[in-house]
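Participant: Input: one structure, supplied below.
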Amino acid sequence: MTFDVIVVGAGPAGSTAAKLLGEAGLSTLLLDKSAFPRDKPCGGGISARVLQRFPYLEAALASIPVNWVNKVYLESPGGFSVDYCSDQPLYLMIRRCEFDNLLFSLARKHVEFQAPALVRKVTAGPRSAVVTAEVGVETKDFECKLVLGCDGANSIVARAAGLRSGSIQNEYAIDMMEETPYQELSLADRDRMLVYYRIRSHYGYGYVFPKAGHVNLGVGFKLDYYLSKLRGEHYAHHRSFVHYLAAQQLVKGRSNRANFRAFPLPISGPLPRTCGDRILVSGDAGGFVNALTAEGIYYALVSGEHAARTAIAAVKANDFTPPMLVRYEQSWKQEVGVELEKSVRFQKLLLSDSNRVDRIVRAAGRNPILADLLARYATGSLAHDQFKRALIRRALPMFVREKARELVFG
């Protein structure tokens with residue numbers, strides 16, 4: 001059987017795409033290397049704007065435990081901090097095993113699904129594409145008109161299409177986290193997320209995300225920096241962060257190594273090309289991660305939707321030429337291109353210089369308007385253009401007035 005579209009990977013990008021494809025009446029095959037439900041190492045935080053962008057999720061989320069936080073604590077390497085409280089939800093905390101299964105269930109009713117199916121090869125020809133996968137003890141070929149690669153940071157599809165090549169050391173971070181029940185590792189304040197920029201002057205970050213029944217916490221480092229400066233056991237760096245939090249009386253209990261995971265995270269922005277011959281890539285496979293906040297779930301949903309809409313148009317027009325498929329790049333760039341590009345610049349600007357981070361966080365700690373803007377930008381509530389406009393319109397005038405008063409009144 002030849003499918004209209006094969007979606008490789010049933011995570012947030014793949015399930016979102018598959019749902020739209022199936023609803024549009026396209027014959028769709030969804031493949032994943034794991035049966036569902038399955039776990040996925042991830043911080044598990046999503047910007048609150050996800051419900052505005054995907055309103056159907058509001059009713060769906062009622063079926064799984066979620067935790068909305070409205071407070072965010074930001075700390076710089078020098079110990080300067082911003083402790084911000086919003087009257088609106090800032091971040092949605094979910095467990096990936098539950099959230100991904102929810103998205104999968106929304107897609108499953110509209111598509112064919114096979115798992116475990118480990119994709120080994122993707123080939124594109126003038127008339128079709130073929131996905132070769134290990135399904136149980138068999139190796140099978142699946143033919144289609146178009147392939148959507150949503151198969152994560154180590155995407156086979158992206159490499160098969162020539163969209164990603166070479167070493168990942170300069171383009172990835174290594175994220176190390178654990179998700180442990182509150183009975184073992186308790187967190188007193190469960191409506192506040194904690195973010196630490198740089199870890200004791202190392203090029204990285206730390207975070208504490210309170211879930212409904214679990215705490216998710218961890219550290220991340222730029223991969224090339226980690227390999228050159230911090231060689232050693234992954235868990236030792238994570239455990240050191242937990243000890244620091246315990247010393248600050250922010251957590252109580254013990255880290256559980258059984259719940260510890262380390263995983264790669266693309267933090268260099270979307271790939272230069274996200275479409276190839278009969279192939280589109282979305283989510284982590286295409287590099288759709290905010291390089292400053294390390295959030296990828298929201299951008300996976302967005303890029304998956306854009307890929308599906310381009311696929312629907314291509315199948316209905318029976319047109320799989322580059323001018324048709326490049327519409328995918330045009331559409332995602334129009335929505336999130338600028339903010340993802342700027343996130344890479346901000347990451348390099350801020351995390352490479354601890355003094356610069358100190359100055360920004362210290363200024364925000366003194367300026368309530370700047371604190372509001374910084375907290376909402378850091379949690380994805382403000383897109384880059386909104387942040388820049390508000391900074392110029394609201395924060396800078398107040399900063400100038402404060403400096404003027406200092407000059408006049410000493």
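Participant: Where q = 0.08, 0.10, 0.12, 0.14 Å⁻¹, what log10 of I(q)/I(0) comes from the Debye formula for the chain, counting one point per Cα?
Facilitator: -0.44, -0.68, -0.96, -1.26
Participant: What ³J(HN,Hα) values, in whole Hz, does the Karplus curve 6.51 cos²θ - 1.76 cosθ + 1.60 give for the range 264-280 when θ = phi - 60°, with x put for Gly and Pro?
Facilitator: Coupling constants for the range 264-280: x, 9, x, 10, 10, x, x, 4, x, 10, 10, 9, x, 5, 6, 9, 10 Hz.
Participant: Computed FRET efficiency, Cβ-Cβ of ARG273 and ASP39, R0 45 Å: what is it to the nearest 0.05? Walk me through the numbers on the way to the answer.
Facilitator: Numbers: r = 31 Å, r/R0 = 0.70.
About 0.90, to the nearest 0.05.
Participant: Let me ask you something else. Quote the relative contact order of the range 197-306 in percent (integer), defining contacts as alpha-carbon pairs under 8 Å separated by 6+ residues. Mind dumping the intermediate values first?
Facilitator: Working: 107 pairs, mean separation 15.1, N = 110.
Over the range 197-306, the number comes to 14 percent.
Participant: To the nearest 20 Debye, how big is the dipole of the chain about its Cα centre, given +1 on the beta carbon of each Lys and Arg and -1 on that of each Asp and Glu?
Facilitator: Details: 52 positive and 40 negative charges, 196 e Å.
About 940 debye.
Participant: In addition: What's the magnitude of the charge dipole for the range 70-143 around its Cα centre, counting Lys and Arg as +1 and Asp and Glu as -1 at the beta-carbon? Answer in Debye, nearest 20. Don't skip to the answer; put the middle values down first.
Facilitator: Numbers: 9 positive and 10 negative charges, 49 e Å.
Taking the Cα centre of the range 70-143 as origin, the dipole is about 240 debye.
Participant: Quick one: which residues, 5+ away or cross-chain, put their amide H under 5 Å from the amide H of LYS121? H built at 1.01 Å from N.
Facilitator: Long-range HN contacts for LYS121: THR132.
Participant: Amide H neighbours of LEU30 under 5 Å, counting only residues 5+ apart in sequence or on other chains, H built in-plane at 1.01 Å?
Facilitator: Placed amide hydrogens put VAL7, GLU112, PHE113, GLN114 under 5 Å from LEU30.
Participant: Taking the dipole about the Cα centre of the chain, with the C-beta of Lys and Arg at +1 and of Asp and Glu at -1, give me whichever of ASN290, SER331, ALA307 is farthest to the positive side.
Facilitator: The listed residue farthest towards the positive side: ASN290.
Participant: Taking the chain as a Gaussian network, Cα atoms linked when under 10 Å apart, which of SER155, SER105, SER381 shows the biggest mean-square fluctuation?
Facilitator: SER105
Participant: I would also like to ask the following. Using +1 on the beta carbon of Lys and Arg, -1 on that of Asp and Glu, and nothing else charged, what's the dipole of the range 30-84 about the Cα centre, debye to 20? Working shown, then result.
Facilitator: Numbers: 6 positive and 5 negative charges, 38 e Å.
Charge dipole of the range 30-84: 180 debye, to the nearest 20.
Participant: May I pose another question? Send over the semi-axes of the range 48-94's equivalent ellipsoid, whole angstrom and largest first, taken as the square roots of 5 times the C-alpha gyration tensor eigenvalues.
Facilitator: Details: eigenvalues 156, 22, 16 Å².
They are 28, 11, 9 Å, listed from largest to smallest.
Participant: Of PRO210, PHE263, VAL251, which is farthest on the positive side of the dipole of the range 171-287, counting Cα position, with +1 on Lys and Arg Cβ, -1 on Asp and Glu Cβ, and the Cα centre as origin?
Facilitator: VAL251
Participant: Another one. Considering every Cα-Cα pair within the range 156-313, what fraction, in whole percent, is farther apart than 18 Å? Intermediate results must be reported in sequence, preceding the final value.
Facilitator: Details: 7718 of 12403 pairs.
Across the range 156-313, Cα pairs with separations above 18 Å total 62 percent.
Participant: Only Cα pairs under 8 Å and at least 6 apart count here; give the relative contact order of the range 292-367 as a rounded whole percent.
Facilitator: Working: 23 pairs, mean separation 25.0, N = 76.
Value for the range 292-367: 33 percent.
Participant: Let me ask something else. How high is the relative contact order of the chain, given as a whole-number percent (alpha carbon pairs under 8 Å, six or more residues apart)?
Facilitator: Working: 839 pairs, mean separation 84.5, N = 410.
Worked out over the chain, it gives 21 percent.
Participant: Quick check on the chain: of the DSSP beta bridges with both residues there, what percent are antiparallel, nearest 5%?
Facilitator: Details: 58 of 79 bridges.
Bridges in the chain are about 75 percent antiparallel.
Participant: Further, regarding this structure: Tell me which residues come under 5 Å, amide H to amide H, from GLU295 once H is placed; ignore anything under 5 positions away on its chain.
Facilitator: Sorted by chain and number, the residues that satisfy this are ASN290.
Participant: Explain nothing, just compute: Karplus ³J(HN,Hα) = 6.51 cos²θ - 1.76 cosθ + 1.60, θ = phi - 60°, for every residue of the range 91-98 in order, whole Hz, x for Gly and Pro.
Facilitator: Listing the rounded values in order: 9, 9, 9, 9, 9, 4, 4, 7 Hz.
Participant: Cα extents of the range 89-216 along the three principal axes, largest first, in whole Å?
Facilitator: Projected onto the principal axes, the Cα atoms of the range 89-216 cover 57, 38, 31 Å.
Participant: Additional query: Return the FRET efficiency for the residue pair THR2, LEU230: r is the Cβ-Cβ distance, R0 is 41 Å, and the value is rounded to the nearest 0.05. Display every interim value, and only then the final one.
Facilitator: Values: r = 49 Å, r/R0 = 1.19.
It comes out at approximately 0.25.
Participant: Here's a follow-up. Before rounding to the nearest 500, sum -39500 (n - 2.57) across all DSSP H runs of length at least 4 in the chain and divide by the residue total; then give [θ] at 222 nm in deg cm²/dmol. Kindly include the intermediate steps, with their values, before the conclusion.
Facilitator: Details: 14 runs with 150 residues, N = 410.
Value at 222 nm, helices only: -11000 deg cm²/dmol.
Participant: Another question about this same structure. To make sure I understand the rule: partners must be lysines, Cα under 19 Å from the Cα of LYS121, and not fewer than 8 residues away in the same chain. Which ones qualify?
Facilitator: Counting by Cα, and skipping residues close in sequence, LYS121 has these lysines nearby: LYS33, LYS140, LYS145.
Participant: Run down the aspartates and glutamates and flag those whose C-alpha is under 20 Å from the C-alpha of LYS229, throwing out any fewer than 8 positions away in its chain.
Facilitator: GLU171, ASP175, ASP353
Each reported figure results from applying straightforward, stated rules to the coordinates on display, with no laboratory input. Bear in mind the structure is a predicted one, so any value in this text is a computation, not a measurement. Cβ sites come from the backbone with ideal geometry, for glycine too, and all protein chains shown count toward neighbours.
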